[in-house]
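The structure under discussion appears below in the form of structure tokens.
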Amino acid sequence: MLQELLLALVGYTGDLIIDIREHQESLQVNLSPDAPLADGPTFRLAPDLSFIQACDREVIERLITLGFYYRELERFSAKCRNLSWIRSSNFSPLSRAAENSKGKKVKPSLYRRALANGIVEVLSVYRSAVLHIEQKFLTDSLPILSIVTQGLNKFLVLFPPLYELILEVEREDIRGGRLLNLLHKRCHCGVPELQTCIQRLLWHGHQVMYNQLASWLVYGILHDYYGEFFISRQEDKDAELDLTEITVEKMANMSIEDASLTDWHLGFHISLDMLPEYISIQVAESVLFAGKAIRVLRNPNPAFRLREHSPANQHVQKGARRFQEFTGKLSLDSIQITSPGGEELFPQSEADKIEAIIQDLREFSEFRKRSFESAVDSIKAIAANHLWQLVVVRADLNGHLGALKDYFLLAKGDFFQSFLEESCQLMRLPPRQSTAEADLLVPFQLAAVKTIGEEDKYFSRVSLRMPGITVKPSHGEFPKTKAFSDGETTGSQLDTSSNQMLLDGWDGIALEYSVDWPLQLFFTQEVLSKYLKMFQYLLRLKRTQLELEKSWASAMHQHSDCSKRRSSDGITSSSSASKERRHHCLKPMWHVREHMAFLIRNLQFYIQVDVVESQWNALQTHIQNSRDFTELVVNHQEYLSALISQSFLDIGSVSRILDGIIKLCLQFCWKVESPESKESRAELEQIVEEFHKKSSSLYTILRSSRIAGSQRAPFLRRFLLRLNFNSFFEATARGVLNVVRPRPALHQQ
């Protein structure tokens, strides 16, 4: 009986101790490793045993449950540790994962295998205890049941919770980070022996996680065939490793540069399902960034290497050294400047340092959250520092930032002044959909010849674009005026038929900036779109200012010609008299033109000086004091956000009013120069009235406490002071908003 009890304790039943599932022939139970787990213990004493006392039967029934738990735990371990598929020919983990995703077989799991390894350790201790009991039975002349109970009592505490654990893992298909979560929760119990056991199982699971972390953070390689790591590829999110022929073909045709950029921006993401709850999302993001940075550093673009070794790169190296001197506190030895030999972007010594940090984490018997977070922060700092050296020093980031400021923020005012003057007559006509971009290239290149020197190596990266124009008026027709109210359409609006432009198609002029690797990591499409938004806004202001100045100069030139002819001939011709009458009639309008020019000039000065220059100086200070790529990205995002917010482009009411004012100014210039007629006089009066309304509304909104009193526009009060230096705007706004202003009429003769 005792021998059969010992055999039952290691999972082997017989005649005296039976497995009730084996006696249920209708179920046809197959106790292979793949057979399902039972809900509870199924080992029982045979019912026909009459020689066992009731008290002994109760003790034996309780002991043989350990045999059931042992057998089920061993079956689970054998199933999870089965590596026979590795020996099969022409078989890879990727193909196995692909088959599993299609439902052919259950997916393997590294974390379950780690759990099984921990369970095997527990079972080996249990087998040793059973063997020790057998040896006692052989040496003791009177073997008693209490020896078995004494030797295996602690396993009565361990095995039931372990069986509940594997039962939950099997039935809910728990793997990866979810398995770590489950083990971490089970660690919090009041039984010291069970807590120690679960912690050991969790330690085995963390070893897998540390191996994956080492692969990701040391080599930039994601070693996760079964989708269990909390960092995963983006395509896994849509289709779990379903690598179709089309996907493989696309990946094969993708260039190295495109693949690198895709990896950085879209290639990897945090899988929240597999992120352990005791690892914060901020730490996971740091792991994601560090791994992507190491991946970039270890896989540089071949074209970048060629540029580094080219003779032209010597000029870049000098610029990098000048920038290094500008940063002041950085020594020449602290930054890797490109040499003809071309050293590694990520030295092996740094990789060894990261590996040592992860090895220290492995040696802890339990997971230490603070140590883990500190280690991740240290690794992220190493990766961010080397990525900073690559982007800022080697790729001359500051030079490209300066170029974007020159061309997208109109810092090269002489170039854009020349460009707008050369294209002035062209922009008086509606753009032709087929040739608008080619038409603009001529004045653009002429302006470059006049103002851009050969030493400007960044201008070649700038290209002019004219996006598709959807609305085309009849050729040579000036756009008709319309009244612009804040979101309202009144009956007093002037005619704007559907076949005419709302103003003109030239508002869509765009610049493109060619960015090479690795600067695409910094200048994303989102960043360049913000620069383009500022460029189009500033170019419209510049163009409006020039149109207002040109209309005044043209009127004064005509008046001067008439005066000279009258004084030389002594006789006033009919045409000269007509021009004199027109000039006299338009005299009140020139006061309005001056108000328009005053507002546009001050708005330009505010944006270019108070906003752009101040924010540029702040960004330069951040670049000088930082050696972390992530900090640099954040500072640059703040720089762009400040430009947009302080220029009021993110306030719908203000941006709509400014847009309306710009349109009214351009329409005013065109109508003033158009032939005199009753219709044109009425349209001019309408434009003047709308301008007064909008300028007063603009001043009222900007001086409100919600905007002027906030920190979003620290220099707004200066702008308002320059606008209202003689209280004209305040008085006008009060009159427009509180009193019905009479429409300023033109003198009739």
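Details
- Just one of the listed residues (Val634, Val592) is aliphatic (A, V, I, L, M), in a helix (DSSP H, G or I) and either surrounded by fewer than 17 Cβ atoms within 10 Å (Cβ to Cβ) or in contact with a strand residue (DSSP E or B) (Cβ under 9 Å, 6 or more places away or on another chain) (or both), namely Val634.
- Single residue of Leu586, Leu603 found to be of a type in the set (A, V, I, L, M) and modelled with pLDDT of 90 or more: Leu603
- In segment 657-665, the count of residues that are under 18 Å from Glu526 (Cβ atoms), in contact (Cβ under 8 Å) with a residue 12 or more places away in the chain and either in contact with a helix residue (DSSP H, G or I) (Cβ under 6 Å, 6 or more places away or on another chain) or buried (at least 17 other Cβ atoms within 10 Å of the Cβ) (or both) is zero.
- Close pairs (6 angstrom Cβ cut-off, 6 or more residues apart or separate chains): within 17 Å of Arg175 (Cβ to Cβ) in segment 190-204, part of a helix (DSSP H, G or I) anywhere: Leu201/Leu115; Leu201/Gly118; Leu201/Leu183; Leu202/Leu183; His204/Ala114; His204/Asn117; His204/Gly118
- Of the criteria (1) within 34 Å of the chain's Cα centre (by Cα); (2) at pLDDT 85 or above, which one Gly505 fails: (2)
- Check on Phe668, among the aromatic types (Phe, Trp, Tyr), buried (at least 22 other Cβ atoms within 10 Å of the Cβ) and either not assigned by TED's automatic domain parsing to the domain that holds Phe289 or not in a loop (DSSP other than H, G, I, E, B) (or both): yes
- Matching residues, segment 162-216, being surrounded by fewer than 21 Cβ atoms within 10 Å (Cβ to Cβ) and at positive phi: Asp173
- Evaluated against (1) surrounded by fewer than 21 Cβ atoms within 10 Å (Cβ to Cβ); (2) within 30 Å of Val592 (Cα to Cα), Leu643 falls short on exactly one condition, (1).
- Meets criteria (modelled with pLDDT of 90 or more, outside the structural domain of Asp628 (by TED's automatic domain parsing) and either under 16 Å from Leu539 (Cα atoms) or surrounded by 21 or more Cβ atoms within 10 Å (Cβ to Cβ) (or both)) for Leu387: yes
- From the options Glu350, Glu308, Glu366, residue that is modelled with pLDDT under 95, loosely packed, with under 15 Cβ neighbours inside 10 Å and among the acidic types (Asp, Glu): Glu366
- Listing of helices (runs of 4 or more DSSP H) fully contained in segment 123-191 that carry 2 or more residues being aliphatic (A, V, I, L, M), outside the structural domain of Tyr278 (by TED's automatic domain parsing) and within 25 Å of Ile52 (Cα to Cα): 145-152
- Output for segment 20-51, where each listed residue is in contact with a strand residue (DSSP E or B) (Cβ under 7 Å, 6 or more places away or on another chain) and either outside any strand (DSSP E or B) or at pLDDT 75 or above (or both): Ile20, Thr42, Ala46
- Complete set of residues in segment 704-749 that are in a loop (DSSP other than H, G, I, E, B), at pLDDT 70 or above and more than 39 Å from the chain's Cα centre (by Cα): Asn724, Phe725, Asn726, Ser727
The values are calculated or read from the model by the stated rules, or taken from the named source; none is laboratory data. Quick caveat: nothing in here was measured; it's all calculated off a predicted structure. Backbone-built Cβ (ideal geometry, glycine too); neighbour counts: all protein chains shown.
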